[in-house]
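The values are calculated or read from the model by the stated rules, or taken from the named source; none is laboratory data. If you're wondering where the values come from, they're calculated on a predicted model, not measured in any experiment. Note: ideal-geometry Cβ built from the backbone for every residue, glycine included; neighbour counts use all protein chains shown.
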Amino acid sequence: MWYQKLSHPFAKIAVVLLFLVGCSTPAATAVPSKVIPPTPTPAPSTVIPPTPTPVPPTVIPPTPTTVPPTVIPPTPTTVPPTEIPPTPTPTVLHPSAEMLIGNWQPLSSHKDAMFLQINSDGTCRQSYSLDGLTDVPEVECTYIFDGTYFSLTTVKLNGVSECPSPTGMYEVRLMAEDQIELIAAKDNCAPRIMSTRGEYQRIP
């Protein structure tokens with residue numbers, strides 16, 4: 001049983017080999033390496049731009065055309081034509097009492113104006129009517145002519161008020177032919193002044 005003879009040494013070898021294999025460092029079990037996945041590149045975030053607020057266009061107003069101010073010319077002052085007044089008739093102071101003798105009609109429209117009568121005997125009369133000078137005058141008086149002044153002194157009154165002073169002085173001016181003017185020079189009686197002063201026309 002040759003194989004038995006042969007198997008015995010082989011058995012020993014086999015045992016030795018197993019022993020050696022058992023004593024040897026066991027082969028490291030291959031550990032699969034840990035695969036580190038690549039860091040993913042972050043996808044860029046989709047940036048949604050903000051909706052722009054529409055900005056109204058800047059309106060540049062047109063440069064206004066400078067309008068010169070309207071110059072209103074001043075209204076010219078109407079200058080009335082220069083009127084040359086007529087040369088007045090020279091006023092001459094009456095030279096004498098003789099030129100005053102006669103009847104005189106007042107040219108004034110005043111209701112108190114009286115007719116005047118101057119007599120050569122130094123007497124005088126005043127009345128509201130021409131007939132009253134010869135009938136019953138309102139005032140009977142005397143007069144004195146001194147230079148150019150004619151002084152009347154009341155002697156009798158018929159239906160008119162009495163004055164504080166019986167005498168009044170008047171200046172006599174010759175206005176034109178047969179026209180005179182009596183101007184109150186010194187008289188404190190208003191009624192007598194109203195009835196005496198003024199312009200007179202000689203009655204033929």
In the range 177-200, which residues are of a type in the set (D, E, K, R) and touching an Asp or Glu at 6+ places or on another chain (Cβ under 6 Å)?
-> 181, 199
Answer with yes or no whether residue 172 is aliphatic (A, V, I, L, M) and under 54 Å from the mean Cα position of the chain (by Cα).
-> yes
Quick one: in the range 158-174, of everything that is of a type outside the set (D, E, K, R) and free of Cβ contacts under 8 Å to residues at least 24 places away in the same chain, which residue is surrounded by the fewest Cβ atoms within 10 Å (Cβ to Cβ)?
-> 159
List the strands (runs of 3 or more DSSP E) that sit entirely inside the range 135-200 and contain at least 3 residues that are out of contact with any helix residue (DSSP H, G or I) (no Cβ under 9 Å at 6 or more places or on another chain) and farther than 15 Å from residue 113 by Cβ.
-> 139-146, 149-157, 167-176
Between residues in the range 112-126 that are under 13 Å from residue 102 (Cβ atoms) and modelled with pLDDT of 95 or more and residues that are among the charged types (D, E, K, R) and in a loop (DSSP other than H, G, I, E, B), which pairs lie under 8 Å by C-beta distance while being six or more apart or on different chains?
-> none
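To keep it simple, each residue is scored yes or no on (1) over 22 Å from residue 185 (Cβ atoms); (2) crowded, with 18+ Cβ neighbours inside 10 Å; (3) within 59 Å of the chain's Cα centre (by Cα).
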{"site": "101", "(1), (2), (3)": "no, no, no"}
{"site": "104", "(1), (2), (3)": "no, yes, yes"}
{"site": "112", "(1), (2), (3)": "no, no, yes"}
{"site": "115", "(1), (2), (3)": "no, yes, yes"}
{"site": "121", "(1), (2), (3)": "yes, no, no"}
{"site": "137", "(1), (2), (3)": "yes, yes, no"}
{"site": "141", "(1), (2), (3)": "no, yes, no"}
Any residue at all in the range 94-108 that is farther than 18 Å from residue 204 by Cβ and either among the basic types (Lys, Arg) or outside any loop (DSSP other than H, G, I, E, B) (or both)?
-> no
Looking only at the range 143-169, which residues are within 57 Å of the chain's Cα centre (by Cα) and at pLDDT 95 or above?
-> 168, 169
Considering only residues of the range 184-204 that are more than 23 Å from residue 158 (Cα to Cα) and surrounded by fewer than 16 Cβ atoms within 10 Å (Cβ to Cβ), which is modelled with the lowest pLDDT?
-> 204
Which residues, counting only those in the range 112-134, are more than 21 Å from residue 167 (Cβ to Cβ) and either in contact with a helix residue (DSSP H, G or I) (Cβ under 9 Å, 6 or more places away or on another chain) or of a type in the set (Asp, Glu) (or both)?
-> 128, 131
